[in-house]
Each structure stands twice: as structure tokens, then as C-alpha cells.
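This report refers to the structure that appears directly beneath it.
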Amino acid sequence: MNKTKKGVFALPFMVIITLLQTTISLLPGVLFLRDSSRGPAILTYMVIYLLLSDFFQLIGKASYKKGSFIPIPIYAVKLVISCVFIFLIAQQTAYQFAVILLAYELFQLLIFSKQFFYIDSIFYSLLNAFFKGIVFNQLLTINYPFNYNFSLIKPFIFAFALILFVTILTQGMYSFLSRHTWFFILAILSLGLLYYLLITQFMAHETVLWKLVLFILCNAGALYFFIKSKNVRKKELLLNIFALISLFIYYF
């Protein structure tokens, strides 16, 4: 009976988490769209592309935890569909966008590789946060023609630090090598980075007090229920809801 229930609720859970993760990846950029010359044109393609990618990442992590991997033919179909959307996005923007998204495909491919314990690696944490916190938001907000400078990253550093914290805690739940203590230590360090960023921004008058207080209350509540809950799916759902609310608080 329990196995049947797990099977029934597995797909809805994955759909909900996929929707949340895609929203988290694009929300800061969406709130900056008024300053973008092309963002709205590629937003639909980006949403569909990320929904597909996030769904397969969930499948990949769940398989990894059990020591299994997605069959190559199934992943090949996903790769073909992804390439179609990458082509459509590049048509609306520039070839550089295609190069960036193909790099993201390589990042995803490592998740499904049998040769690496990639989800147990800090490189997964950093790259996932980098792509979802900074890269995708910049693809939506960058202006044309390209006149890029690294100061454009600054508005999305908070998103990077927040997603890094959530990614690390999630990795601990999917760890095949049982590196739970390692990820707990990394989570504490990333949370410290997050608060250091917020406090320094507040001291520099780059953010307001009410946002800082709301984030602290939200974070305290999320951590309380995360520690208290014994259900892994509830923990993951809670982390994603916390990330979404925190992004609204910071970027709205």
C-alpha cells in the first residue's frame, strides 16, 4: 500500500518541484524585464526549456540516489528537444546564448553520467547556483547590442547565494555516498555567506530593514520545519517555497 501511494504521488510532487525550480531560476530576471530589450521575446522559450531541464534533473537525482541512471535513448530524446529550444532562443538573441545553454546541457549530462558522483560534488552546488542564480537571469535582462561588464552580475548575487544554500541542503538528501555531514557543514557556510551579503548590503543602504527582517523570519521558520520534518519530499518542497518567497522579498 505504501509503495502504491509513493507511486501515485511521485509525479505530482515532481511536477510541483519542477514548476517551483523553474520559477526560482527566472524570477529575479523577470522582475528586471522592464530594462530588457529582448527578455520578453525569449521568456516563453526559456520557461519551456527550463521546465524540461528541471524535470529531467529531478529524475536524474532520484535515480542517482538509488544508484541507477536514466537510459541513454531517453536522455537523447530530451537532448534533441532541448537543442530545438536552444536554437529558437539563439535565433531571437545571438549565438553566444546557444553556447551558454549548451554548456548547461553539459552540466546536466554530468548528472546522468555513470563515471562521476557529480551530485555529491561541490562543483554541482556551485554550477547549479551559478546557472540558476546568475546566468539565466542575465539571459533575460542583458541589453543589445552586447556591451557586457561584470557589474551586471551584482543584482543577482543574492539569488546565487540563496540557490547555493538550497542546492547544498538538497544534495544532502540525494547523496548516494551518504555525505550528509559534509553537506550540513557546507550549508552552514553558505548560510553565513547569505547573511554576510544581506548585512553588508543593509549597511551600505543597498537594501532596506524590512526586507532583512522578513528574510530572517522566513529563514528561521523554514529551518525550523525543515529540521522538524522527517519526510524528504516535504523538506525539498519547503526549501523551494522558502527560496521562492525569499526572492520575492528581495527583488520585489
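None of the figures in this text is laboratory data; all of them are computed from the coordinates on show. Note that the structure is a prediction, hence the values are computed from the model and not measured. As a convention, Cβ positions derive from the backbone with ideal geometry for all residues, glycine included, and neighbour counts pool all protein chains shown.
Contact order normalised by length for the range 110-252, with contacts defined as Cα pairs under 8 Å and 6 or more residues apart; what percent is it?
Dividing the mean separation by the residue count of the range 110-252 yields 20 percent.
May I ask you to derive the relative contact order of the chain, considering only C-alpha pairs under 8 Å and at least 6 residues apart, and to give it as an integer percent?
24 percent
With the cut-off at 21 Å, tell me which of the pairs Lys61/Lys235; Lys65/Lys234; Lys66/Lys234; Lys65/Lys235; Lys211/Lys235 have Cα atoms farther apart than that. Numbers along the way, then the final one.
Values: Lys61/Lys235 15 Å; Lys65/Lys234 17 Å; Lys66/Lys234 19 Å; Lys65/Lys235 16 Å; Lys211/Lys235 24 Å.
Too far apart for the 21 Å limit: Lys211/Lys235.
Add +1 for every Lys or Arg and -1 for every Asp or Glu among the other residues with Cβ under 13 Å from the Cβ of Leu26, and state the total.
The answer is 0.
Name the longest site-free stretch of the chain, where the excluded sites are trypsin sites (Lys or Arg not before Pro) in a DSSP loop with no more than 15 other beta-carbon atoms within 10 Å.
Maximal segment without exposed cleavage sites: 115-229.
In debye, nearest 20: dipole of the chain around its Cα centre with unit charges on the Cβ of K, R (+) and D, E (-)? Don't jump to the answer; show the numbers that get you there.
Numbers: 19 positive and 6 negative charges, 193 e Å.
Computed charge dipole of the chain: roughly 920 debye.
What is the sum of charges around Ser178, taking Lys and Arg as +1, Asp and Glu as -1, for the other residues whose C-beta is under 12 Å from the C-beta of Ser178? Before the final figure, lay out each step's value.
Details: positive: Lys65, Arg179; negative: Asp120.
Here the count lands on +1.
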